[in-house]
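Asks: Pasting in a structure now, in structure tokens, and then I'll have a few things to ask.
The values are calculated or read from the model by the stated rules, or taken from the named source; none is laboratory data. Please read all numbers here as calculations on a predicted model, not as lab measurements. Every residue, glycine among them, receives a Cβ derived from its backbone with ideal geometry; neighbour counts consider all protein chains shown.
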Amino acid sequence: MTSNPTAPTELVDDARNPSSAAERRPTPGIEEFCAAAADLLGPGSVIRDAAAREKASCDWAHMSPILSAKLPAGHAEVVLRPTSHEQLPGIMALAHRHRIPLTPRGKGTGNYGQAIPLYDGAVLDLTGCGRVLDAGDGWIRAEAGAKMSDLEAHARTLGQELWMFPSTFGTTVGGFLSGGSGGTGSLVHRTNGDGFVRELTVVPCTADAEPFTVRDTDALPYIHAYGTTGITATATVRLQRARTWTGLFAAFDDWASATTALSALVRLEPAPRLVSLDEADLVRVYQVDPALDPTALNVRAIVEDDAVDAARAIVRAHGGRVLEVRPAPDGPALISSLSFNHPTYHLMKAEDGWFHLEIGGDVLLGNRDGDGDGDIAEIRKVFPGTLLHLEGMRSGTVGMLMARYEDEQTVHEGIAALEALGVGVHSPHNWYVDRRLDLVREAARTADPLGLLNPGKIPGKAGKVPDTGPTQETP
Ligand SMILES: Cc1cc2nc3c(=O)[nH]c(=O)nc-3n(C[C@H](O)[C@H](O)[C@H](O)COP(=O)(O)OP(=O)(O)OC[C@H]3O[C@@H](n4cnc5c(N)ncnc54)[C@H](O)[C@@H]3O)c2cc1C
């Protein structure tokens, strides 16, 4: 068995503070709420100092120039740090009794503003609820604040591994399920709403705040719902038999060869854990590494040890060069740390002036008309300076498009143009819940009748949160 991939954790303690929040009226009842919360949790878990409140008021929404222009968009009046999931019902009943808006938070790395408390009130920091509770054949159960990296490490001691984890490997399981989507492992297992969750214990924001349990597809209204349908107290997610993973790094000279190899690697058996592709101009902003070629298209794959020869053969057959085969933990960890939104992060860290879109569709492979470039040339023309990062999935290609930012209107026009070319686009410039909205609305009606949970995130939902003026403006 290989050891665990190490975490791309650099984001986790790097939340940037927004500029100071404008003068606001305190939420009515906040003082009484804080006093009662201190009785419940102990005074050390009810934090009111300005720096902690600033930090808890922002997430990685600043990756969007459109959202950045709307920040700060809400401000925590208090940060609550429970230390066990058993404390959550008491907090929820208190929030309900005092009518205090309450926004749950893991590590705060969501990049759509999901964790920003748009209506002020309390931020419920769940990182203190971080215990791995139990595990068995094919499953692991943990408190919501447990790190995905801890779940993977624990699973590995049992000869198992997670179905999936995000490129922000050190983030919380509650945050990943409530705000994230997929990651390493999604090549086979798709998103976190496609069977990864076996069971959730959810605490509603009601008078008695009685926790309830949902299983399998009944958990869907609580996945990627930004905490609007209840606070996840514990999560049981799926494991598979641990594999011995290796990182394979390759370089190609043209898009058609690189994307054909990408597709072939995705279909390799046994299935890889991740296959991705970067353009040279993205690789240039990464830390220099012999496994990365900043002059070429780079294709990387996390493959099982005994599939390495077959993967090498695919690279060679499509005219590529294998740069390196690097075993676990370093090879797979490096590939995971350059996946999904991490290429955007590295680009933005290196240079100002970029924005990004989440894209999908096999049209991105650009081979349809067989001329070697195909539709990709048209796709590149939509935004100036377009750079592409692709992730190969058995269910189809997804990725990130990064381009030079002009203004919000140009982004919206460009999205329409991409869609007209057959590219699926998910905009990260919007902090509304935008998946399974009907299910979410229905679940929120009973789990949060007063609209106190992460208010402002369900479009068109009328809650009873106080009117705090500018924070009501959502994009
Ligand atoms: C550079 C970069 C790369 C990323 N890569 C990926 C990736 O590969 N895959 C991916 O899916 N995402 C990715 N993300 C987004 C994000 O990092 C992940 O989704 C992460 O797992 C979120 O976890 P967190 O602990 O930071 O949650 P937070 O950001 O704190 O919370 C996310 C959402 O969940 C809610 N929430 C948190 N805990 C709970 C709870 N216990 N109950 C109910 N609601 C809760 C919050 O209110 C918020 O709405 C990336 C982000 C960045 C900036």
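Asks: Quick one: count up the residues across region 121-133 that are more than 20 Å from the chain's Cα centre (by Cα) and closer than 17 Å to Leu177 by Cβ.
Replies: Counting residues in region 121-133 that are more than 20 Å from the chain's Cα centre (by Cα) and closer than 17 Å to Leu177 by Cβ gives 3.
Asks: Then there is this: Could you please give the count of residues in region 106-145 that are more than 10 Å from the ligand (Cβ to nearest atom) and more than 25 Å from Arg24 (Cβ to Cβ)?
Replies: The qualifying residues number 14.
Asks: Please report, ordered by residue number, the strands (runs of 3 or more DSSP E) entirely within region 88-182 with at least 2 residues that are over 14 Å from Thr236 (Cα atoms).
Replies: 102-105, 122-125
Asks: Taking the condition of being under 14 Å from Gly185 (Cβ atoms) and within 10 Å of the ligand (Cβ to nearest atom), how many residues in region 146-157 meet it?
Replies: Here the count works out to 1.
Asks: Quick check on my filter: what residues within region 182-203 are near the ligand (Cβ under 9 Å from one of its atoms) and either surrounded by fewer than 21 Cβ atoms within 10 Å (Cβ to Cβ) or over 21 Å from Arg215 (Cβ atoms) (or both)?
Replies: Matches in region 182-203: Gly183, Thr184, Ser186, Thr191.
Asks: Only one of Ala261, Ala256 is more than 19 Å from the chain's Cα centre (by Cα), surrounded by fewer than 24 Cβ atoms within 10 Å (Cβ to Cβ), aliphatic (A, V, I, L, M) and part of a helix (DSSP H, G or I); which? If you could, list the steps in order and put the result at the bottom.
Replies: Working: Ala261 fails: surrounded by fewer than 24 Cβ atoms within 10 Å (Cβ to Cβ).
Selected residue: Ala256, the only one of Ala261, Ala256 that is more than 19 Å from the chain's Cα centre (by Cα), surrounded by fewer than 24 Cβ atoms within 10 Å (Cβ to Cβ), aliphatic (A, V, I, L, M) and part of a helix (DSSP H, G or I).
Asks: With region 375-475 as the region, which helices (runs of 4 or more DSSP H) entirely inside it contain at least 1 residues that are at pLDDT 95 or above and among the basic types (Lys, Arg)? Please lay out each step first, then the result.
Replies: On the way: elements: 376-382, 408-420, 437-447.
Because the criterion is at least 1 residues that are at pLDDT 95 or above and among the basic types (Lys, Arg), the helices (runs of 4 or more DSSP H) in region 375-475 that meet it are 376-382, 437-447.
Asks: Being farther than 18 Å from Pro104 by Cα, in contact with a strand residue (DSSP E or B) (Cβ under 6 Å, 6 or more places away or on another chain) and not β-branched (Val, Ile, Thr) narrows it down to one residue among Ala251, Ala256; which is it?
Replies: Ala251
Asks: Taking region 204-218 as the search range and keeping residues that are surrounded by fewer than 23 Cβ atoms within 10 Å (Cβ to Cβ) and within 14 Å of the ligand (Cβ to nearest atom), which one is nearest to the chain's Cα centre (by Cα)?
Replies: Top of the filtered list is Val214.
Asks: What strands (runs of 3 or more DSSP E) completely inside region 265-370 contain at least 3 residues that are closer than 30 Å to Val425 by Cα? Steps first, please.
Replies: Numbers: elements: 274-278, 297-304, 321-327, 354-360.
In region 265-370, the matching strands (runs of 3 or more DSSP E) lie at 274-278, 297-304, 354-360.
Asks: Yes or no: region 158-173 includes at least one residue that is surrounded by 24 or more Cβ atoms within 10 Å (Cβ to Cβ), closer than 25 Å to Pro270 by Cβ, of a type in the set (A, V, I, L, M) and near the ligand (Cβ under 9 Å from one of its atoms).
Replies: Within region 158-173, one or more residues are surrounded by 24 or more Cβ atoms within 10 Å (Cβ to Cβ), closer than 25 Å to Pro270 by Cβ, of a type in the set (A, V, I, L, M) and near the ligand (Cβ under 9 Å from one of its atoms).
Asks: Mind checking which residues of region 97-108 are farther than 19 Å from Ser178 by Cβ and either crowded, with 24+ Cβ neighbours inside 10 Å or touching a strand residue (DSSP E or B) at 6+ places or on another chain (Cβ under 9 Å) (or both)? Give the steps one after another, and end with the answer.
Replies: Start the filter on region 97-108 by keeping residues that are farther than 19 Å from Ser178 by Cβ, which leaves 97-100.
Selection gives Ile100 alone.
Asks: Would you confirm, using the coordinates I've provided, whether Tyr222 is under 25 Å from the mean Cα position of the chain (by Cα), of a type in the set (Phe, Trp, Tyr) and within 21 Å of Ser167 (Cβ to Cβ)?
Replies: Working: under 25 Å from the mean Cα position of the chain (by Cα): yes; of a type in the set (Phe, Trp, Tyr): yes; within 21 Å of Ser167 (Cβ to Cβ): no.
Here the answer is no, as Tyr222 does not meet what is asked.
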